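**Q** Attaching a single structure in structure tokens format; questions to follow.
The values are calculated or read from the model by the stated rules, or taken from the named source; none is laboratory data. Predicted model, so just to flag it, every value in this text is computed and none were measured. Here Cβ is always computed from backbone atoms with ideal geometry, including for glycine, and neighbour counts include all displayed protein chains. When the accessible area is computed, the model is the full protein with side chains, heavy atoms only, and any ligands, DNA or RNA have been set aside. Shrake-Rupley method; radii C 1.70, N 1.55, O 1.52, S 1.80 Å.
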Amino acid sequence: KFAFQENEIKLLTAEIERLKNFGCLGVSPSLEGLRDENAKLKYRLNFLKKSLQEERSKSTKSMININSCLQEIFGAAIQAAYPDLENPPLVVTPSQQPKFGDYQCNSAMGISQILLKTREQKVIPREIAEKIAKNIPANDSIEKVEIAGPGFINVHLRKDFVSKQLSSLLINGVQPPAIGKRKKVVVDFSSPNIAKEMHVGHLRSTIIGESMSRLFEFAGYDVLRLNHLGDWGTQFGMLIAHLQDKFPDYLTVSPPIGDLQAFYKESKRRFDTEEEFKKRAYQCVVLLQSKNPDFIKAWNLICDVSRREFQKIYNCLDITIIERGESFYHEMMKDIVKEFEDKGFVQVDDGRKVVFVPGFPVPLTIMKSDGGYTYDTSDLAALKHRLCEEKGDILIYVVDSGQSVHLQTVFAAGQMIGWYDPKVTRVAHAAFGVVLGEDKKKFKTRSGDTVRLIDLLEEGLKRAMDKLKDKERDKVLTPEELKAAQTSVAFGCIKYADLSHNRLNDYVFSFDKMLDDRGNTAAYLLYAFTRIRAIARLANIDEQMLRKAAREEVLILDHEKEWKLGKCILRFPEILQKILDDLLLHTLCDYLYELATTFTEFYDSCYCVEKDRQTGQIVKVNMWRLLLCEATATVMAKGFDILGIKPVQRM
């Protein structure tokens, strides 16, 4: 990238010189066009120089993805060893045991099979590994390589390379590797229905979508977070009809609808049992869809009550999202139907207009027999708007697994009609399983009702406070610190319990397990984090002293536990890149737990602060080890931030 920009700068500089020779800096009116061209080129040149400086500055501050670096090195070695081989396998992974080095390149076995199949050459993998090793280019990261077993290449990193990367992290903070062109990501998540309360089923989409958005933002993408609310449709007819009966003066006096869920149930009961009410409900739908001002006001009143309730939950969970419900796309649906008709994709089936998508058994219904639109139509309109108006490069739908076939059909229809090319634009369904109770059945209340999300969050707060008081934290923390610890633990544990499971699987919701401060839980990690942060504070080392030490001290990594921790810290960019690729956030949770346990091994084996056993006075501070503590905490803090968890200084 830098080479390309530098080449463009050279070309632009040469072009400016050429225009100068034309006399374009003179005052003759006939040369006005040349002067404009010169000004444009100078502007472009200055912009490129500034851009190159910024990119260079950013790249030197960014954390290096060591795995990617090693892949480049081994990619070059394989290319040099086997220049005629097309797309040879490139497999570089962290080693599972120290005796096998720090990383392994396992490409030799794959190349051996390719040579046998394509050229009928039988070459043992070990010979291939030796040839690759001989062609490794000069680099500043590899200390040595060893061939092991049938053809594994064990890679040992240079200690000064790892030490230098850790110092850079401490000086510059956790900076993501540069991503090149800044792409736009649209994340569709949460998406509750108006007039219905958010329940435990909305928890996963909301938490997963927020965390994915935070990850892409941290990685440098332009992220648009969308809440595809169910705010349009026939159900509003019965709600408005019931509103007219219960609060006839709603146009002048704001109706005191306290419990919208009860209001919805009342209107649904009347719709199912009163024929006259049912007819009026249908009339209300027609008047709403024709944009009658009184009915639009009634619709807005109902939506506003729901919005206030949703916002309480979003505030608790620290969710940022833009509302863009089904109603937003209503005016676009007519054009969607016409576009599919014009391109010959529409068939009429019993009065309905349907679209069959190759490879999918169930067609999309884009218009009902009565002329109304469907979820299929609104989802197609949303897809087109996100692709063609928002110019999304990556679209992610965080929606439960039950919608998988529907969404894949909608995406395939978008491809079929030419809205996007999957080789250029990524459209993904980040599916997730259901939340189960401890009886392994769908999570319900004792009465069999769906668990309200607000009740779940309040129960989490109560249990977190009980846990803190059991640990007698109320005796050592101020009331403000106790309150901060309560919200950190309650909401952090609920989020982490969800995110730490593979989203594709169902998971069992258990307050007892998520509040346990042992094992892979937020409670354990939050406690570990506060403990790490306290080490320097208790040694009377402040932030300024740590910053100064980061610039001056060399991080010694002679002890095996120092070395293990240093490498673990630097794997952070690899973990994030994997999640950007597969959208599985539990990998980050597993990494944070591994980092915390690796830190504990280091802390138990390596003295950071040495004290006199009799007096307890500090006799020696091993600053490079305190810097390792700081680097661990810095990476953990960024991991927490991506997961939407707020740590506290005292717990």
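**Q** Picking from ILE569, ILE535, ILE541, ILE556, which residue would you name as being more than 17 Å from ASP590 (Cβ to Cβ), of a type in the set (A, V, I, L, M) and either open to solvent by 40 Å² or more (accessible area, probe 1.4 Å) or modelled with pLDDT of 95 or more (or both)? Break it down stepwise before answering.
**A** Values: ILE569 fails: more than 17 Å from ASP590 (Cβ to Cβ); ILE535 fails: either open to solvent by 40 Å² or more (accessible area, probe 1.4 Å) or modelled with pLDDT of 95 or more (or both); ILE541 fails: either open to solvent by 40 Å² or more (accessible area, probe 1.4 Å) or modelled with pLDDT of 95 or more (or both).
One residue alone meets the criteria, ILE556.
**Q** For the range 415-431, how many residues meet the condition of being in contact with a strand residue (DSSP E or B) (Cβ under 6 Å, 6 or more places away or on another chain) and not in a loop (DSSP other than H, G, I, E, B)?
**A** The qualifying residues number 4.
**Q** For the range 193-206, name all the residues that are touching a Gly at 6+ places or on another chain (Cβ under 7 Å) and buried (at least 24 other Cβ atoms within 10 Å of the Cβ). Please lay out each step first, then the result.
**A** Step one: list which residues in the range 193-206 are touching a Gly at 6+ places or on another chain (Cβ under 7 Å), which gives 193-194.
Residue satisfying the conditions is ILE194 alone.
**Q** Report yes if some residue within the range 441-450 is modelled with pLDDT of 95 or more and either of a type in the set (Lys, Arg) or more than 30 Å from ALA484 (Cβ to Cβ) (or both); otherwise report no.
**A** Taking every residue of the range 441-450 in turn, none turns out to be modelled with pLDDT of 95 or more and either of a type in the set (Lys, Arg) or more than 30 Å from ALA484 (Cβ to Cβ) (or both).
**Q** Next question, about the same structure. Could you please find all residues in the range 523-533 being in contact (Cβ under 8 Å) with a residue 60 or more places away in the chain and of a type in the set (A, V, I, L, M)?
**A** LEU525, LEU526, ALA528, ILE532
**Q** Looking only at the range 147-164, count how many residues are open to solvent by 70 Å² or more (accessible area, probe 1.4 Å) and either touching a Gly at 6+ places or on another chain (Cβ under 7 Å) or assigned to a helix (DSSP H, G or I) (or both).
**A** Of the residues in that region, 3 qualify.
**Q** Of the residues LYS196, LYS117, which is farther than 22 Å from THR93 by Cα and not in a loop (DSSP other than H, G, I, E, B)?
**A** On inspection, the qualifying residue turns out to be LYS117.
**Q** Now for a different question. Give the residue that is surrounded by the most Cβ atoms within 10 Å (Cβ to Cβ), with candidates limited to residues of the range 491-522 that are closer than 18 Å to CYS316 by Cα and touching a residue at least 60 places away in the same chain (Cβ under 8 Å).
**A** ALA522
**Q** Could you name every one of the helices (runs of 4 or more DSSP H) located completely within the range 257-375 that has at least 3 residues being hydrophobic (A, V, I, L, M, F, W, C), touching a helix residue (DSSP H, G or I) at 6+ places or on another chain (Cβ under 6 Å) and surrounded by 16 or more Cβ atoms within 10 Å (Cβ to Cβ)?
**A** 275-289, 293-317
**Q** Oh, and also: When the residues of the range 122-144 are narrowed to those that are under 25 Å from LYS567 (Cβ atoms) and free of Cβ contacts under 8 Å to residues at least 40 places away in the same chain, which ends up surrounded by the most Cβ atoms within 10 Å (Cβ to Cβ)?
**A** ALA129
**Q** Could you check, for the range 356-365, whether at least one of its residues is touching a Pro at 6+ places or on another chain (Cβ under 8 Å) and either within 24 Å of LYS181 (Cα to Cα) or among the aromatic types (Phe, Trp, Tyr) (or both)?
**A** yes
**Q** Now a separate question. Tell me which residues, restricted to the range 460-513, are out of contact with any strand residue (DSSP E or B) (no Cβ under 6 Å at 6 or more places or on another chain) and of a type in the set (Val, Ile, Thr).
**A** Of everything in the range 460-513, those that are out of contact with any strand residue (DSSP E or B) (no Cβ under 6 Å at 6 or more places or on another chain) and of a type in the set (Val, Ile, Thr) turn out to be VAL476, THR478, THR487, VAL489, ILE494.
**Q** Now for a separate question. Would it be correct to say that ARG613 is more than 31 Å from the chain's Cα centre (by Cα), of a type in the set (Lys, Arg) and open to solvent by 40 Å² or more (accessible area, probe 1.4 Å)?
**A** yes
**Q** Ok, one more. Return yes or no: is ILE240 in a helix (DSSP H, G or I), aliphatic (A, V, I, L, M), more than 24 Å from ILE454 (Cβ to Cβ) and open to solvent by 10 Å² or more (accessible area, probe 1.4 Å)?
**A** The answer is no for ILE240.
**Q** If you go through the range 622-636 one residue at a time, do you hit one that is closer than 18 Å to ASN67 by Cβ, in contact with a helix residue (DSSP H, G or I) (Cβ under 7 Å, 6 or more places away or on another chain) and open to solvent by less than 50 Å² (accessible area, probe 1.4 Å)? Give the steps one after another, and end with the answer.
**A** Step one: list which residues in the range 622-636 are closer than 18 Å to ASN67 by Cβ, which gives 635.
Then drop every residue that is not in contact with a helix residue (DSSP H, G or I) (Cβ under 7 Å, 6 or more places away or on another chain), which leaves 635.
Filter once more, keeping what is open to solvent by less than 50 Å² (accessible area, probe 1.4 Å): 635.
Looking for residues that are closer than 18 Å to ASN67 by Cβ, in contact with a helix residue (DSSP H, G or I) (Cβ under 7 Å, 6 or more places away or on another chain) and open to solvent by less than 50 Å² (accessible area, probe 1.4 Å), one finds at least one in the range 622-636, hence yes.
**Q** Here is a further query. Of all residues being β-branched (Val, Ile, Thr) and in contact with a strand residue (DSSP E or B) (Cβ under 7 Å, 6 or more places away or on another chain) in the range 447-459, which is farthest from ASP517 (Cα to Cα)? Just the residue, please.
**A** Per the stated criteria, the residue is THR450.
**Q** What residue, of LYS279, LYS265, LYS297, LYS291, is in contact (Cβ under 8 Å) with a residue 12 or more places away in the chain and charged (D, E, K, R)?
**A** LYS297
**Q** Same structure again: Being exposed (fewer than 13 other Cβ atoms within 10 Å of the Cβ) and under 30 Å from the mean Cα position of the chain (by Cα) narrows it down to one of GLU459, GLU472, GLU438, so name that one.
**A** It is GLU438.
**Q** Suppose the filter is surrounded by 15 or more Cβ atoms within 10 Å (Cβ to Cβ) and either part of a helix (DSSP H, G or I) or over 24 Å from the mean Cα position of the chain (by Cα) (or both); does VAL187 pass it?
**A** no
**Q** Tell me yes or no: at least one residue of the range 483-490 is part of a helix (DSSP H, G or I), of a type in the set (A, V, I, L, M), within 27 Å of ALA631 (Cα to Cα) and open to solvent by 20 Å² or more (accessible area, probe 1.4 Å).
**A** yes
**Q** Which ones in the range 637-651 are among the small types (Gly, Ala, Ser) and either within 28 Å of PRO98 (Cβ to Cβ) or surrounded by fewer than 20 Cβ atoms within 10 Å (Cβ to Cβ) (or both)?
**A** ALA637, GLY639
**Q** Against the condition open to solvent by less than 20 Å² (accessible area, probe 1.4 Å), among the aliphatic types (A, V, I, L, M), assigned by the TED database to the domain that holds GLY209 and farther than 30 Å from ILE494 by Cβ, how does LEU383 come out, does it pass?
**A** yes
**Q** With the requirement that a residue be outside any strand (DSSP E or B) and of a type in the set (Phe, Trp, Tyr), what does the range 432-470 give you? Spell out the reasoning first.
**A** Taking the range 432-470 first, the residues outside any strand (DSSP E or B) are 433-434, 437-441, 443, 445-449, 451, 453-470.
Within the range 432-470, just PHE443 meets the criteria.
**Q** If you check GLY351, GLY325, which single one turns out to be in contact (Cβ under 8 Å) with a residue 60 or more places away in the chain and not basic (Lys, Arg)? First the steps, then the outcome.
**A** Numbers: GLY351 fails: in contact (Cβ under 8 Å) with a residue 60 or more places away in the chain.
None of the other options fit; the residue is GLY325.
**Q** When you go through TYR607, TYR593 one by one, which is the residue that is closer than 22 Å to ASP102 by Cβ, out of contact with any Gly (no Cβ under 7 Å at 6 or more places or on another chain) and open to solvent by 40 Å² or more (accessible area, probe 1.4 Å)?
**A** TYR593
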